[in-house]
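The values are calculated or read from the model by the stated rules, or taken from the named source; none is laboratory data. This one's a predicted model, so the numbers in the text were calculated from it and none came from an experiment. Counting neighbours? That spans all protein chains shown, and the Cβs are built from the backbone with ideal geometry, glycine included. These accessible areas exclude ligands, DNA and RNA; they are computed on the full protein's heavy atoms, side chains included. Shrake-Rupley method; radii C 1.70, N 1.55, O 1.52, S 1.80 Å.
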Amino acid sequence: MAISIHAVTPSFAAEIGDVDLGRPLSATDVAAVKAAFTQYAVLVFPDQTFSDESHLDFARHFGPLETSVFKLRTDHKMRLPEQMADVGNLDADNNILAENDRIRLYQLGNRLWHTDSSFKRLPAYCSILHGRSIPPIGGHTEFADLRAAYDALPDRMKRRLEGLVAWHSLMTSRAKLGFSDFDEAEKTAFEPVPQVLVRRLQDSGRISLYLASHAGTISGMPRADAEALLKELIERATQRQFVYSHRWRINDLVMWDDRCTMHRGMDFDDQRYKRDMRRATVSDVAPTCEQMGLAVAAE
Ligand code: OGA
Ligand code: MN
C-alpha cells in the first residue's frame, strides 16, 4: 500500500500515514516521502515504534548523519548513541535532570527560535525527532516557514538582504539566556561560522530566509544594525500565519527541513514530567555560502 499524505496546513505541514518506518522502506515510499518533503517542510509520521537503530536507518535515506555536540564533552555520560541528539530532560539513568544541571541549562537554548546546526559550517539538511515520552501538558514544538516568510517580505527588504552573510555560533544563542559555561574545546568548536541570510532550495527552487538565534553579526554591517535586522527578520518570520505548532502524541516522528524553517520547544513542567525526545540529524550537501556562490568576507 502506498503512503498517504494528509495536509495539516496548505503548504507547510503534513501527516504521513500507511508507513512503518521500523521496517525497510521501498524505493517508491522513499521517493514519495522525499516528494512530500519538497512540498511541505514539516512531516509528521504518527505512531512509529522503533529502535534507535531503525530511527537512524530511516534518517540515512536523506544523507549523512551528524554526531551530537555533547560528544565534545568528556564529563557527560551519554544516554543515547552518539549519532543521536538527546533533546529530552533525562540523564543517563533516565532520571529527570535537576534544575541547575549544566545539560538542562544548555538545552534551554532550544526554547529560542533556531534551526539545527546553523552554528556548523556545514549545517543540517533535516532533523528527525521521535517523541518517546511526552508530558501530558505543554512541551509543544513550534515551526516557522521561512519560505513563506521570505515571499511575504517587502521588495525593499528582499533587495537589502541580497548577498548578506550572517555569523552563527552556539555561544551567541546561549549568551541570550545568560549561559556562558563553555570549556576551551567548545569555544574552539563554536567559533562563529558564516551563513547566507537568503538561500535558494535546490529541490523546490523556492527562496527562503535562513535564520536562527545563533546568528549575531552580519559581514560589513555595524553590530547594532545587524542585531536589529536579525531581530526584525525573526519577528517577521514567526508571525502566526507562518507558524505550525505541533502538539506531540507519544511515538510521533517529526521531520523538518532545517534549510528553510525555524523551530522552538515550548515550556513544560520539566521538573515534574519526563520528556524523552531523540533526534537524528542529516547534514546538508555543502556550506550555505558555497551553495549560493558567495565569497565570505571576514566577520
Ligand atoms: C530539536 C529541538 C525542540 C523540542 O530537537 O532540535 O530544538 O521541542 N527540539 O524538543
Ligand atoms: Mn533544534
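General observations
- Within the range 1-22, being in contact with a Ser or Thr (Cβ under 8 Å, 6 or more places away or on another chain) and either touching a residue at least 24 places away in the same chain (Cβ under 8 Å) or open to solvent by less than 60 Å² (accessible area, probe 1.4 Å) (or both) holds for Ala2, Ile16, Gly17, Leu21, Gly22.
- Taking the listed residues Ala124, Ala152, the one that is small (Gly, Ala, Ser) and within 14 Å of ligand 2 (Cβ to nearest atom) is Ala124, with no other qualifying.
- Taking the listed residues Phe45, Phe37, the one that is open to solvent by less than 20 Å² (accessible area, probe 1.4 Å) and away from ligand 1 (no atom under 16 Å from the Cβ) is Phe37, with no other qualifying.
- Residue list for the range 250-261, restricted to those being assigned to a loop (DSSP other than H, G, I, E, B) and crowded, with 23+ Cβ neighbours inside 10 Å: Asp258, Arg259, Cys260
- For the range 91-102, the count of residues that are among the β-branched types (Val, Ile, Thr), within 14 Å of ligand 2 (Cβ to nearest atom) and modelled with pLDDT of 95 or more is zero.
- Condition broken by Arg111, with the remaining ones in (1) open to solvent by 60 Å² or more (accessible area, probe 1.4 Å); (2) more than 21 Å from Leu201 (Cβ to Cβ); (3) away from ligand 1 (no atom under 15 Å from the Cβ) satisfied: (3)
- Search result, residues across the range 262-299 that are more than 11 Å from ligand 1 (Cβ to nearest atom) and not in a loop (DSSP other than H, G, I, E, B): Val282, Ser283, Thr288, Cys289, Glu290, Gln291
- Filter pass, Tyr106 being touching a residue at least 24 places away in the same chain (Cβ under 8 Å), open to solvent by less than 50 Å² (accessible area, probe 1.4 Å) and within 23 Å of Leu197 (Cβ to Cβ): no
- Among residues of the range 262-275 that are crowded, with 18+ Cβ neighbours inside 10 Å, those with a beta-carbon under 7 Å from a residue that is aromatic (Phe, Trp, Tyr) and not in a loop (DSSP other than H, G, I, E, B) at least six positions away or on a different chain give the pairs His263/Phe143; His263/Trp256.
- Filtered residues of the range 1-27 (kept if at pLDDT 95 or above, within 14 Å of Thr49 (Cα to Cα) and either among the acidic types (Asp, Glu) or over 24 Å from the mean Cα position of the chain (by Cα) (or both)): Asp18, Asp20
- Scanning the range 182-233 for residues that are assigned to a strand (DSSP E or B), touching a residue at least 60 places away in the same chain (Cβ under 8 Å) and of a type in the set (Gly, Ala, Ser) returns Ser208, Ala215.
- Within the set Ala166, Ala148, the sole residue that is within 23 Å of Arg236 (Cβ to Cβ), part of a helix (DSSP H, G or I) and open to solvent by less than 60 Å² (accessible area, probe 1.4 Å) turns out to be Ala148.
- Matching residues in the range 25-39 - criterion: being in contact (Cβ under 8 Å) with a residue 12 or more places away in the chain and of a type outside the set (Asp, Glu): Leu25, Thr28, Val30, Ala32, Val33, Lys34, Ala36, Phe37, Thr38, Gln39
- Meets criteria (on the phi > 0 side of the Ramachandran plot and either modelled with pLDDT of 95 or more or buried (at least 17 other Cβ atoms within 10 Å of the Cβ) (or both)) for Asp116: no
- Scanning the range 54-76 for residues that are at pLDDT below 95 and hydroxyl-bearing (Ser, Thr, Tyr) yields Thr67, Ser68, Thr74.
- Flag if Thr28 is among the hydroxyl-bearing types (Ser, Thr, Tyr) and part of a helix (DSSP H, G or I): yes
- Flag for Arg272 being in contact with a Ser or Thr (Cβ under 9 Å, 6 or more places away or on another chain) and of a type in the set (D, E, K, R): no
- Yes/no for Asp116 being more than 14 Å from ligand 2 (Cβ to nearest atom) and either within 26 Å of Gln83 (Cβ to Cβ) or not aromatic (Phe, Trp, Tyr) (or both): no
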